[in-house]
Each structure stands twice: as structure tokens, then as C-alpha cells.
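The values are calculated or read from the model by the stated rules, or taken from the named source; none is laboratory data. These numbers come from a predicted model, not from an experiment. When we count neighbours, we look across all protein chains shown, and the Cβ atoms used for this are built from the backbone with ideal geometry, even at glycine. Only protein heavy atoms, including side chains, enter the accessible area calculation; ligands, DNA and RNA are left aside. Shrake-Rupley method; radii C 1.70, N 1.55, O 1.52, S 1.80 Å.
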Amino acid sequence: MTLLVEAPNGRCPERDYVLGVLLGDFLGLSWRREVSERQDVRITLGGLPGEIRLPDILFSVADADWLTEASMPRRPFAQWDTRDLAKDITLVDPTVPVIYGGHPIPVGAQPPGRSNASHGHASDDGKRQNAGAEAFAVLEDGRVSLPIDIFGSAFFMLSRYEELVTPDRDEHDRFPAWASLAYREGFLERPIVDEYVEILWAAMQRLWPGLQRKKRQPRTFVTCDVDNPYAAYTKTMAATLRKMGGDLLKRRSVPEAVRTLRNTLATRRGDYRHDPFDTFDWMMGVNEAAGNRMAFYFIVDHSVPGMDGHYSIDEPRIRQLMRRIHERGHEIGLHGSYGTYRDPAQIRHEVERLRAVMAEEAIDQEVLGCRQHYLRWDSRKTAQYLSDAGFHYDTTLSFADHAGFRCGTCHAYALYDLLQRCPLLVKERPLVLMECSVLSPVYGGHGYSDKTLRTMRRFKEITQKFGGEFVLLWHNSYFQNTNDRYFYQRLVSPERTTVC
């Protein structure tokens, strides 16, 4: 049977996109949209009794306010206890933040007129007029009315709407976690879009218990950005001597200086066993034992010298590594160099170069993915450039300074071009956890403790709870602490636990 979604006119491409993602891709349901002279959204199923009604807020903003501060959700967000609807909804917590929402529409009443109150905005006197702690789901006579604009709120997160509105950027021109509403409102560590989908599904189950959804199996996708495939000092004896000087004078470690010299001498003989960054075989072995297929993203050009690593894709050592990765059944992708995120010609050059190298090495791979170096991303441009370049997926979208669910989901989905107003061919596989977001002193700076490991594992547990994809980034060069390998093995292992 087919869901009928009746909604106001306007923002039709955006409505169809998010309905396709949530109802079609995520739930696996058939649906169609009809324009209706109403001010809310009404969902019915075939000829069966029952309806779901939702506020319609984001997609009803005036054209002049679209992609401006006037259309942003107002803070602080309302909190809704979903146990008013059902006690057994799959959620991180039964109380969920309301990105866009309003009071439930009373059963039998006409849809409310547009006002600051129904939009969840502050009134003229500065007081909150939207759904607050009193927000609830109305359940009566086969009708469910929810206080969340689920489709508008999901679109806000999936499209990275706020990144076109909010100007804050860090030293690498990245939109930082601290500027996001998810971080500021305390739900960055929750896949809020997936939670909204579960709320909508719970409402459907109350009305149409025979409806069946797509079944999803959780998986772990372990990735590695090959920034430094080997220690740079091994390239020349002068660099090796400088490194040894630092070992002796700064770090006051004779054993470290000996290891530095031994590594360079061994490397010159083609023996890479002593290189602290050459951990590829160990990583593949650990993941093969856990049943994971890895992806390694290589830098193939240097668009910004000094920011794009020290190796060349043409080095015999790198070509040998790529062949070994392929022979062991793992994936190779592009690590877009530092300047590519705003340079379509450079992206095309790099993907063509990578494809040529793979052909030369007889690496036949159906799917090609990428991740941007330093997680640089421009929500106005980058996705379109990647789609045009023919990538099947991207897996850049996490915040460097804080792990979590930047897009609000742990499921892959088609990216959307907010300027051209159309879905793109490239899919996003959202990055959930990068090791240095938690461990590096530059970002999280958490120590190696049981608490830190539990924090990192919780992201995996949450992802598993929603049948999602736990995308982990751990660099081959980030195994310098004695605890790194232990943490890594615990994160990639197949064991499953329950979220508290």
C-alpha cells in the first residue's frame, strides 16, 4: 500500500527529497505527495482509517527568508517526552529535542494559522510560544498529531542547511562543531534524524500495525586516510639526522634515536618493518579477523604544498601498498587534497589520476569513494563537485573537533544541492568517529582511560541500535601510544552491547 502525504504547496523539490529519504530509503515504504490547501502535513495509508498530522514549518517560510537567519530554529529548543506516544520507541533517550515544531493540532480542529507560536519562534515580547514541556501527541479516534515538523527538521540536518546560514569557520575554513545547533543544544551525540524516523514509524504502527518497514542490519565500516604512509624523515639522511637530533636533545631518548636510524637504514633496503607508520598489514589483519572490509583513501596530488603529505602516488612503495590492499579484498578511494573542496577542476584531475593509477595496477573496483583532507567541506559546492566527478559516495561529514552525528543520521543517503534545489548522485556515508576528534590534544584531548574507550564505543553502540553504519576513521599513523592498538581492536571488534 502507498502512503499519501498531503502538504501545502511550495518547496516541492525539498519536500520530495526528504520524503524520498525518510519514507522511501530509510523505511522502505511506497509514498506519493499531493498538494493540499492546508497548513500542516497529513499522512494517510491507502483506504485504511487513521491519519498522522505534523506541523509544517521550515518548508513554509517565506521565499525571502529561505537560507537566512530568519528561517533558523529558535533556541532554546523545546523538549518532548515521546512516551506520550509510545513507551517502546527506539531512541537514545525518550525525551527528544524539537528542532522545528509546535503544539499538536487538536483532533477535529482546523489547522492553526501561521504565527510565531506555530512556528516555534519567539514572540514579540521575547517569550517562548512554541511547544514546550507541555508538548504531546494527540491520540484519539485513529488520529495521531505530533509536535515535531519531522520532514522539515530532517531536511535541516541532512542538507546541512545551517552551514549556508551560519558564517562561523575555523582556521581550516571548516564549519566547527561548536557553531552547530546540534552541539549547542546537546544532541550532536544522537542521530536525531533516525530518532525522528522512529517516532514517525511508532505513530504509523499505532494506526496501521500491519505495515512493514525495511529491515536494516548494522555494520562497521573502518576507514583510513593515508596522510603519512611512512615516516617522512626516511626520505633523506639529512632529515634522519635532524630527527635523531630531536630524539637526543628534545626528547632525551637514545633508544628513540637508535630506532630512527635503524628505520632509515632498513627502509633503504626495502624493509619497512621498523617504520612506525607502516601499520597497514596489521590493520587489515585485525579487520579481516573481525569480518570488516576496510577503505583506504590516498592523496594523489598536492593542491596546497605543505598541507597534502609528503608522498607521491607514483612511488613504488605506494603502488605496492595499493596492490596489496586490493589483493586482500579491501577498498581504495581518494583523499581529496587540501584545496579540492572548492575546486571542481582539481577534483576531476585527482579522480582521473587515481583511476589511471588503479588501471595501471590492474585494480578493478566497482565503487569509488572519497573523503576530503582535513574534513574540509563547503555545503554550497563540495557535494555538487563530487557528484559531477562521478564518485559513488563521500564520507567526510563529521566534525573534526567533536565526534558525533553531524548530519543527524548513521545511514547513507543521497546528498542535496541547496542552491540548485535537487538531489545529487553521490551518497553520504556519514563519518561517526575519527580517533583524533577524541584523543588528539588539538581536539578532544581525552586521556587513554576506560571512560574514554566507553565514550568511543558508545557511538558504535548507538549506531548498532538504529541498524546503521558505524563509520570509523583511524589513521595508520595514529598508533604511537601503547593504548592505540587496544582501543582500535575494541572499536572494530564485532561484539555488540546494548545502549543504556
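Can you give the accessible area of residue 277 in Å² (nearest 10), computed on protein heavy atoms with a 1.4 Å probe? Only protein atoms counted, so the area is about 50 Å². For the stretch 294-441, the Stokes-Einstein estimate of translational diffusion at 4 °C and a viscosity of 1.567 mPa s comes to 82 µm²/s, using the Kirkwood hydrodynamic radius over alpha-carbon pairs. Which distance in Å, rounded to a whole number, links the C-alpha centroids of the stretch 49-98 and the stretch 358-412? Their Cα centres are 28 Å away from one another. Take residue 72: with every protein chain present and a 1.4 Å probe, its accessible area is about 10 Å². Ranking of 162, 361, 352 by solvent-accessible surface, largest first: 352, 361, 162 (1.4 Å probe, protein heavy atoms only, all chains present).
Mind checking which lysines have their Cα closer than 22 Å to the Cα of residue 451? Skip sequence neighbours fewer than 8 apart in that chain. Within reach: 460, 465. Taking each residue as 0.36 nm, the span from residue 75 to residue 293 lengthens on full extension beyond its C-alpha to C-alpha distance by 74.3 nm.
Could you check how much of the accessible area of the chain is carbon and sulfur, as a whole percent, using a 1.4 Å probe? Working shown, then result.
Details: 10200 of 20510 Å².
Here carbon and sulfur together make up 50 percent of the probe-accessible area.
The local environment of residue 68, defined by Cβ-Cβ distances under 15 Å, has a net charge of -2 under the rule Lys, Arg +1 and Asp, Glu -1.
Name the residues of the stretch 9-50 whose amide N is less than 12 Å from a point 7 angstrom out from the Cα of residue 2 along the C-beta direction? It comes to 30-34, 46-47, nothing else. Report the Cα centroid-to-centroid distance between the stretch 462-495 and the stretch 281-328 in angstrom, as an integer. Taking the Cα centre of each part, the stretch 462-495 and the stretch 281-328 sit 18 Å apart. Based on protein heavy atoms only, the chain ends up with 41 Å² per residue of surface accessible to a 1.4 Å probe.
Between residue 63 and residue 172, the modelled label-to-label distance comes to 3.9 nm, taking each label 7 Å out from Cα in the direction of the beta carbon.
Within the assembled protein chains, the solvent-accessible surface assigned to residue 373 is about 10 Å², based on a 1.4 Å probe. The Cα-based radius of gyration of the stretch 421-495, divided by its Kirkwood radius, gives an Rg/Rh of 1.04. Near residue 329, once Lys and Arg are set to +1 and Asp and Glu to -1 for all other residues with Cβ below 14 Å from its Cβ, the sum equals -2.
At 0.36 nm per residue, minus the direct Cα-Cα distance, what do residue 355 and residue 252 gain on full extension? Give it in nm, one decimal, please. Walk me through the intermediate numbers first.
Details: separation 103, 0.36 × 103 = 37.08 nm, distance 4.54 nm.
Once the chain is fully extended between residue 355 and residue 252, it gains 32.5 nm.
Hey, of (1) 24.9, 82; (2) 25.4, 87; (3) 22.2, 73, which did the structure itself give for Rg and Dmax of the Cα atoms in Å when calculated? Matching the structure shown: (1).
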